[in-house]
Each structure stands twice: as structure tokens, then as C-alpha cells.
Amino acid sequence: MKIRISALASACALASSIAPAVQADDAQLNHVVVTATRQPISADAALASVDVIERDEIARAGHASLLGLLASRPGVQMARNGGPGSSGSVFIRGANSGHTLLLVDGVRIGSATSGSPVLETIPLEVIERIEILRGPGSALYGADALGGVIQVFTRKGREGFQPSARVGVGSDGAREGSATLAGGNDRLRYSLTAGHSRSDGFNARTPAQTDQDRDDDGFREDYLSASLALDLGGNDELGASVLYSDMRNWFDAAESFDSYLDKRAESFGLHLRKQHTADWTSTLRFGHSVDALENQSSATMQSRFDTTQRQLSWQHDIALGGGSLLAAYEFLQQRVQTTADYEKTRRHLNAFLLGWGGEFDRHNVQFNARHDRNSQFGDKTTGTAAYGYRLTPEWRAHASIGTAFKAPTFNDLYYPVECYPVWGCFGGNTALKPEEALNREIGVAWERNGVSVDLTYFNNRIKNLIDWTSGIASNVGRADIEGVEASVSAMLVGYRVRASVDLLDAEDEATGDELGRRARLGGALAVERAAGAWTWGVEWNGQGRRYDRVPNTASGRMGGYGLVDAYVHYAMAPDWSVELRANNLLDKDYEIAKGYGTQGTNAFVALRYAMH
């Protein structure tokens, strides 16, 4: 790893030598982010690794799904059991998929039974921006943010009237339609988006297990998103947001019955922001979310796992000591309803958190601490400390250390134990402890004339990993995860360029096996050009060889791959444009989950109307 770090440091030096040839990309350098500290700060002042994807970039690239978009970002790997709409997972910095917390407009959403967010249910057309926090976030957000946080902000209105609509068709019977009404005045802003998408899909199982598995496995989704914000004068605001998604995706289960999963995601958020003085602002938030899953694997076999979460938070932001103080209280209640007979179906927590940070000449500091009291497993305290130093006007260095944890899911704790003559016993364990992590990282960043280069080394040691290999959930696993992230973004002679390289060593500490579906080497390159009415881009995204699971076996090995995609936009008129995206141009045959197929060369063309 030391050799790799030296090589990437040389890349930073090389980037500095080409700086005079590039132009500033202000959109990349002037982001304001909130996920990194729970307070708005400029992206270049954040001591945590955070990536931002804005609405314009989402619309230009034209990805088919949120999972596909996230997979192109630094430090993120993705796996999916088939095509768009099928169950998928993301791994941030090599942590498990259940170690990523998903927030929608600040509302926690996800399954308390599987423990993972259902990202495939969130359509791109409702998203205004995405913030990806790489690294532990438990000191800010509590359980589940052991590997990182993905926060989705839905579309918001602004002054004026901005209606828009999009219709499109593509390969494998893909079709989509959506419409948005947004606008407002100096007091009231609103946004409403509704849409429908579906695809006939392709055969998700390779090879097909039975003749019944040779059919195509598609999906359909209906969605709605809305937001409303009322200016109460000064910096005071009352706002609400809603997201609803109803999806069905078909899958193969070696049955003559056409098996399917019904997935429903709901979130509702309400906030009241009050500025008491020039130095003190408080925000009261209420959130409600539902993650519902129904598995109809045959005509007679049905299972259901629903999670309802309610949360309340009261946050105070106070200018203090030349920096910003954060003091907050948070309440969360989780309730599950399942077809299985669980011993307990509810839990709640009360949490208190403090944070303080600021910039002082060349120095930048951030401290956070959080205490969670959970009705299920007791107390847990986490914290982070980060320090940054501006070496020169172009160079910045930063280092941090932090702790995090992942609460056992209801499946881990209460799934009914069932025993079979051949397979043994299978089920939950009420004696489980939370998974715990200690993360350390150090990095440097360099910026000049619009070139931005970031290089970060991280080491995350996780203990009490919950393992089901023996059939009964137990805290037997330990993982040592370390890696290097390097990224570059710039405007180079009229071309917008973004590139990243990820080096990852994620191993089971006891056996040395690589953690499942996580490649040691990954990278991405995107080049975009705008010329008159035309905008076009080419993307390359690659991952090295991986194993499907632990223990690593030859039969579970998946080869590496590199995919080339491209997109073109043509503005026919000020408010009308045609969009074309083509994926896997080289028709690469590859796997991201063992035994599941991926799409060959495919394309999607859309017509968009957007009043400016």
C-alpha cells in the first residue's frame, strides 16, 4: 500500500504541472454541503470526504438508476441481482452494504429487518442533489453510518414558474414518462413531480436454473415527490417534503409462477427553522418513513417485511468561539411488521449530540460526539476528531479519527430459529452486540486554476461483525479495511474531465479472505464537452476481479471489467432537448453478482421539455 500511495502522490505532482492549461470549474469548487457536519459549509472546508452530484449533472448524464449513478463515484462499488429495478447494494470504502445510511431530505429511510437501504426505489427524476459522505458518520447520525452516508435531496421550487416533462423509450422495452410543476415567489416555493417507468428486462439468471427461469425479468415503478417551503420572514422557514415510490420487479425462483418483489418506499419530512439571534438558529424536524417489501416467490409462498420509522430532532446552531457549535437531540422509533413471528417488533432511541468546528487562519478543526440510548441494546457513544492545515494557497492536508457502530437488525436478533435435518439450524440471536468500528484517515488536496486533486488513505477496523455462516447470527467477524482514493476534476481546454482511482484491501481478519463483491482496484473516467446546442460525454467505469462471498472459492470468483458509456444532448429550442444515452458500447459480458446477468449494449432516447 505504501508503494501505491507514493505512486498516487506523484500523480498529484503531475496534476500541478498541468494547471496552467486548465480553466476554473466553479461549479465543482463552490459546493455547499450539509451532510459532512449537519451544518452548511463549503465543500473545500469539509474535513470529511464528501462528493456532490447536482441536478444538472444527473440530467446530463442520463443514468437509468440511482445505483448506476453512484457506482461511478470515488469510493463506491455496486452489486445488483439483475437489471434496473432488481435488488442492489452499495459498498462505501469496502464496508458492508448495511453500513451505509440513507437519508431523504434528512429523513432516515431503509429496512430495519435486512439492515440495508433500498436505493433502487428512488427515481433520478425526483432528485435535486446527492451528497455522499465517505467514512464513518455515527458521531453525527448514529447507528448504521459505519461506512458512510448517502443523502438525497428531492427537487425544490424557486421563484417563477418552471414546468418540465420527459418521455423516453429504450432497449429491452424500457419506457418512462415524468412531469414536474415547480415555482414560487418571494414567500412560497413549491415542487411536484410524478412519473412512471417500466422495462421488460432481460433474463436475470445466468445460466438459467430451470426452463421457468429463461424468461425476462423486468420492473415497473410509479412515483411521486412534492415539496413546499414558506418564508416566515428573515431566515425563518416552514417546509415539508414527500416522496412515494411503488415498484414491482420480477425475478427467477425456479418456479412456473412468475415470482416478484413488491417494494414501497415512503418518506415525509416537516421542518421549522427559526433564527433567534444573528448567532443562533434552531431547526425542529419531524420525519416519517416506510420501507415495505413483499416477496411472492410462488403462488403459495409469500413473505412480508415492513419497516416504519418515526424521528424527531431539535438542532441548535450557534456561532461560538470563532467557530460553529452544534447541539441537538434526536428521537427515533422503529417498528417492523413481518410474516415471521418475531419476539419483539419495536425499538426506540434517544440521542444527544454535540459538535464544534471552524477555520482559524491556516487551521481547520472539527469535533463531534454523540450518545445513543437504545431500548434494545443500551448505550453507545461515538465521536470524531478532525484537523486540517493549509500548507500553501494550493495545498491542504487533513487527518481524522472516529468511531462508529451498526445496530443489529431485527432479523439478526429475532428471526425465528428453524432447524433442518441436513442444513442444521438457522435464525437470529438476541445476545448480539452492535458492530463497532475505528476509522483513521489522512489526506491531501491540491487546487489551482480550476484543477482539483484529492488523495486520501483510510483504515477502518471493524469488530463484532455479525455473521450468519454457521446458520445462527453471531458476533464472530472482524474486518480490516484499508485503501486509497484518488480523484481529479478539471476543465481542460473546454472539456470537463473527472477521473478517480480506488485501491482497496478489505479482508476478513481471521481467514484473510476478501470481503464479498468488493474489488481491490476500481476506477472511473468521464469526459464531457458542450459546444453550441450540443453536449456530449463519454464515461469509462471499471472494477478488478472480485469474489462473490466469504469464503473465497474458485467458483465464486468474478472477473474484472471495464464499461464504456456515452451520451449526447441536443437543444432543439430554448426549452426543448433530445437526450440519448448508450451503455456498455463494447457489449462487455460481465458479472457484478455471481449467477446474475447484466445488460449488453443498450440505449435510451428521451425528449425533455424544461421552461427556463
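Starting from the Cα of Lys588, draw a straight line to each of the aspartates and glutamates and keep only those under 16 Å, dropping any in the same chain fewer than 8 residues away. Cα-Cα hits under 16 Å: Glu539, Asp565.
Here the relative contact order of the range 499-612, from alpha carbon pairs under 8 Å that lie six or more residues apart, stands at 19 percent. Overall, the ratio between the Cα radius of gyration of the range 426-489 and 2.2 N^0.38 Å, rounded to two decimals, is 1.72. Report relative contact order for the chain in percent, whole number only (criteria: Cα-Cα under 8 Å, sequence separation at least 6). After rounding, I find 12 percent. Positive end of the dipole of the chain (Cβ unit charges, origin at the Cα centre): among Trp534, Phe377, Val501, the Cα lying farthest that way belongs to Phe377.
Calculation over all alpha carbon pairs of the range 27-100 in 5 angstrom steps from 0 returns a P(r) of 3, 14, 20, 20, 22, 13, 5, 2 percent. Computed with every protein chain present, the accessible area of Thr392 is close to 50 Å² [probe 1.4 Å]. Taking each of Lys263/Lys594; Lys344/Lys406; Lys380/Lys406; Lys380/Lys433; Lys433/Lys463 in turn, the alpha-carbon distance tops 21 angstrom for Lys263/Lys594.
Could you work out [θ]222 nm for the chain from helices alone, using -39500 (n - 2.57) per DSSP H run of at least four and dividing by all its residues? Round to the nearest 500 deg cm²/dmol. Show your work: numbers first, answer last.
Numbers: 6 runs with 41 residues, N = 612.
Helices in the chain give a 222 nm mean residue ellipticity of -1500 deg cm²/dmol.
For the range 410-538, the C-alpha radius of gyration sits at 1.59 times the compact-globule guess of 2.2 N^0.38 Å, with N the residue count.
State to the nearest 20 debye the size of the charge dipole of the chain about its Cα centre, where the only charges are +1 on K and R beta carbons and -1 on D and E beta carbons. Present the calculation step by step, with values, prior to reporting the outcome.
Values: 61 positive and 74 negative charges, 188 e Å.
It comes to approximately 900 debye.
Convex hull volume per residue, computed on the Cα atoms of the chain, equals 146 Å³.
The simple spin-label model puts a point 7 Å past each Cα toward its Cβ; for Asp379 and Asp589 those points are separated by 6.0 nm. A simple charge model with +1 on the Cβ of Lys and Arg, -1 on the Cβ of Asp and Glu and nothing else charged puts the dipole of the range 147-204 at about 240 debye relative to its Cα centre.
Diagonalising the gyration tensor over the Cα atoms of the range 312-358 and scaling each eigenvalue by 5 before taking the square root yields semi-axes of 37, 8, 7 Å, largest first.
Surface calculation, 1.4 Å probe, protein heavy atoms: Ser89 sits at approximately 30 Å² accessible.
The region of the chain that goes longest without hitting one of the GluC sites (Glu not before Pro) in a DSSP loop, each with at most 13 other Cβ atoms within 10 Å, is 344-612. Using the empirical formula 2.2 N^0.38 Å as the baseline, the Cα radius of gyration of the range 267-384 reaches a ratio of 1.47.
Can you list which of the trypsin sites (Lys or Arg not before Pro) found in the range 362-447 are DSSP loop residues with at most 14 other C-beta atoms within 10 Å? Passing sites in the range 362-447 are Arg362.
Each principal axis of the range 153-299 carries a Cα extent, and these read 69, 29, 23 Å when sorted largest first.
Normalised per residue, the accessible area of the range 124-196 is 33 Å², obtained with a 1.4 Å probe and no contribution from ligands, DNA or RNA.
Roll a 1.4 angstrom probe over the protein heavy atoms and tell me the percent of accessible area of the chain that is carbon or sulfur.
Values: 14800 of 26040 Å².
Of the solvent-accessible surface of the chain, carbon and sulfur hold 57 percent.
A simple spin-label model places pseudo-atoms 7 Å from Cα toward Cβ; at Ser470 and Leu312 they are separated by 4.1 nm. Estimated translational diffusion coefficient (Stokes-Einstein, Kirkwood radius over Cα pairs, 20 °C, 1.002 mPa s) of the range 504-593: 138 µm² per second. For the range 348-493, what Kirkwood radius comes out of the mean inverse Cα-Cα distance, in Å? This gives a value of 18.5 Å.
Counting only C-alpha contacts under 8 Å and six or more residues apart, can you give the relative contact order of the range 290-422 as a whole percent?
Values: 258 pairs, mean separation 20.7, N = 133.
Worked out over the range 290-422, it gives 16 percent.
Positive end of the dipole of the chain (Cβ unit charges, origin at the Cα centre): among Leu326, Trp423, Pro84, the Cα lying farthest that way belongs to Leu326. Over the range 110-193, all Cα pairs binned in 5 Å intervals from 0 give whole-percent P(r) values of 3, 11, 15, 17, 15, 13, 13, 11, 2, 0, listed from short to long.
The values are calculated or read from the model by the stated rules, or taken from the named source; none is laboratory data. In this text the structure is predicted, and so the values were computed from the model without any measurement. For neighbour counting, all protein chains shown are included, and Cβ atoms are generated from backbone atoms with ideal geometry for every residue, glycine included. Each accessible area value is taken on the protein alone, full model and side chains, heavy atoms only, with ligands, DNA and RNA left out. Shrake-Rupley method; radii C 1.70, N 1.55, O 1.52, S 1.80 Å.
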